[in-house]
Each structure stands twice: as structure tokens, then as C-alpha cells.
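Note sheet for the following structure.
Taken together, the values in this text are just the output of simple stated rules run on the coordinates, not laboratory data. Since this is a predicted model, take the numbers as computed values, not measurements. Here the Cβ positions follow ideal geometry from the backbone for every residue, glycine too, while neighbour counts run over all protein chains shown.
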Amino acid sequence: MSNEVADAISAGRAVVALESTLLAHGFPPGDNLAIAAQLERTVREEGAVPATIAVLDGKPTVGLTADQIHTLCTSDDVAKLSLRDLGPAIGLGRTGATTVAGTAALAHAAGIGVFATGGLGGVHLPAGDDPVSWDVSADIGVLAATGVLVVSSGVKSVLDIPAKLEALETRSVPVVGYRSDDFPAFYLRSSGHRVPWRVDSPAEAAAVFAAHRELSDSGMLLANPVPTDAEMDHRLHDRLLAEAMEILRSRDVRGSDVTPVMLEHFHRASDGVSVAVNEALVLSNARVAAQVAVELAG
Ligand code: PSU
Ligand code: MN
């Protein structure tokens, strides 16, 4: 842990964990560095301490320095680490960026309760002739077992959104809309599915999470739609999505490569529009997470 993060945790001050897979595998090189810095600045503006999390040369690290973030954003042999990958990466001395599952586990172990990301992993749609998909992100199970509040803009429309919402219900993970009655779909403000609960302020979100934690060891999902003025045009979205699905099918992309390959297509084929949308939503999530963390600390 960085000294700053360790001091803030022991003093009970607001800390927000930030995920590193979105930097190393979500944004194009160049953009990722600028966005990493903006994310940390946004958290600080709201009076919380940012803790970007990754594994560096086998060391789980909570609160990366600017130099460490630079390394992560510019190296090309950075692994993508879900929770199950942490042991191998640590044991073998590797460097990797942590997914929502990996970050939540390390944040919780460090004593951090609030975490901001872009999109959450979910349940993938079946590929080819399979009637069901077995590609269910570990993010879901880890959120069910780890008492952190994750602020995200929902999941991408490449996923089976109703299946994901059902999976979270089965595991008793509260799904709460932030100033929204609809579950968001990452680039779009609405997935067309409703959320069971809604809050309209950081104080309400903090009250709900605090009450939930009294009763349960599970985490909670605060679903914060992309800001209205930054939402992607629906026609552009549908075209990019259809193209991405075709690429996944024709190249037989599977497992942890699915999201990065899809994101790369969106970025390339939209001339940077998707990067701008993605950036707007992660910054909004970092801001809301910091505001909620400040409420919880107060
Ligand atoms: N959604 C995005 N960008 C991302 C991810 C999801 O829009 O970078 C990353 C997150 O780190 C998430 C992970 O935790 O993908 C889920 O991957 P998988 O489906 O392989 O578990
Ligand atoms: Mn998967």
C-alpha cells in the first residue's frame, strides 16, 4: 500500500479504489495515461484519496504511483487479472492489471469499501450454436462475496443483460440506480431494463450501502448511467455492436479476450467517439464513488 492510502485508511478517511484493466486493456495507449491521471484528480477534487490497484512484478499494489501507472499503461506484456489470476501472477512475479473481480478482492483486503469502474463483466450471449454461454464473468461471484460498493455504468450491450441482473438477484447483490430507474448499458443510458431501487444523492447511496453491510457480507452495485450529453448515438451504437459481434464470431474470440477485442473495434470504428463516451462515464463514476466514500467516512 502507498503511504498515502495506508494513512487514509487508518485515519478512516474516504478512499476510492480504481481498477487498472480499463487502463491497460480498455483504453487505447496514450488515452489511458491521461485518463488514469484524470480519474485520480477527480477523486481528489471530491475530497477522497484514490487507490489505483494492480499487481507489479508479483506485488499486489494498492495506490500506484504516477510512475507505476505509467509502466502499466505503456508496457505491452500486462496480463489481465481476475481474482483467480492473482495467485499465479503473485507467485510467478508477473505484472498485471486487475479486473473488477481482482480489484474488488485487493481493495477489500486492504480495507477499502468503495470502488469505481467503467463497465462490469457479465453473462455473455451464447456463441455459435450453443444454447447457453458458460462465459459468466467472475465479477458477479466476487461482488456477491466481497463487501464493496462498485460504481459502474452497467454492462455493455454485448452481454446478456437480463441474465446478468438475474445472476445478481440470485446472489443477493443489491442493484441500485443512481438518479435513474433504468439499468444502464455502458455507452447508452438505458438497457431497457429497470433497476429495483433508486437513490438520488451520495447520502442516500451511502445510507443504503451502510444498511446493507449491517446485514450482509455481499457487495452492492450502484449503477450510474453515462452523463446525458455524453451518451453514444443509438444508431452508431447498434452498428458498432453488430460489427463487433461479427468479429467475435468470425475470429472465434473467447474468454478474457472478448471485452478487449470488442472495445478495440468500437474505438477504431467510431473514430474516437467510443473513447470519449467511455472516458465521460468512468470520470462520472469516479466522482460519484468519491462523493459516496466521503459520506460513508463522515
Ligand atoms: N467493461 C469495459 N471495459 C473493461 C472491462 C469491462 O467496458 O475494461 C473489464 C473490467 O475490468 C471487467 C472485466 O472487470 O473487463 C471483465 O472481464 P471478463 O468478462 O473477462 O471477466
Ligand atoms: Mn469471461
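Checking the a/c ratio against 1.5 first, then a/b against b/c, what shape does the Cα gyration tensor give for region 3-297? It comes out rounded by the Cα gyration axes.
In terms of other Cβ atoms within 10 Å, 187, 178 run from fewest to most in the order 178, 187.
Label separation (residue 74 vs residue 190): 4.5 nm, computed from points 7 Å beyond Cα along the C-beta direction. When only Cα pairs below 8 angstrom with a gap of at least 6 residues are kept, the chain shows a relative contact order of 21 percent. Rounded to the nearest 500, the 222 nm mean residue ellipticity of the chain from helices alone is -14500 deg cm²/dmol, with -39,500 (n - 2.57) taken per DSSP H run of at least 4 residues.
A straight chain from residue 90 to residue 276 at 0.36 nm per residue would run longer than the Cα-Cα distance by 63.6 nm.
Close amide-amide hydrogen proximity is noted between residue 133 and no other residue 5 or more places distant or on a separate chain, at a cut-off under 5 Å (H modeled in the peptide plane; Pro and chain starts excluded).
Placing a pseudo-label 7 Å from each Cα along the Cα-to-Cβ vector at residue 10 and residue 59 gives an inter-label distance of 1.8 nm.
For residue 181, the shell of other residues with beta-carbons less than 12 Å away shows a net charge of +2, using +1 for Lys and Arg and -1 for Asp and Glu.
Label 7 Å along Cα→Cβ of residue 203; region 177-194 residues with amide nitrogen under 20 Å? What the label zone holds, given the 20 Å backbone N cut-off, is 177-180. Give, as ranges by residue number, the residues of region 272-298 whose backbone N falls under 17 Å from the point 7 Å along Cα→Cβ of residue 233. In region 272-298, the label zone of residue 233 (backbone N under 17 Å from the point 7 Å along Cα→Cβ) covers 272-278. Computed from the alpha carbon atoms alone, the convex hull of region 1-137 holds 117 Å³ per residue.
Can you compute the FRET efficiency between residue 67 and residue 261 using 1/(1 + (r/R0)^6), with r the Cβ-Cβ distance and R0 = 35 Å? Round to the nearest 0.05.
Computed FRET efficiency for residue 67 and residue 261: 0.75.
Ordering 280-292, 39-51 by mean Cβ neighbour count within 10 Å, with the highest value first, yields 280-292, 39-51. A cut-off of 5 Å between modelled amide H atoms, ignoring neighbours fewer than 5 places along the same chain, links residue 182 with 195. Within region 3-297, antiparallel bridges make up roughly 35 percent of the DSSP beta bridges whose residues both belong there. The overall shape of region 121-254, judged from the alpha-carbon gyration tensor, is oblate: a/c is not under 1.5, and a/b is no greater than b/c.
With a 10 Å cut-off between alpha carbons and a GNM built on the chain, which of 91, 177, 12 moves the most? Maximum fluctuation in the GNM of the chain, among the listed residues, is at 91.
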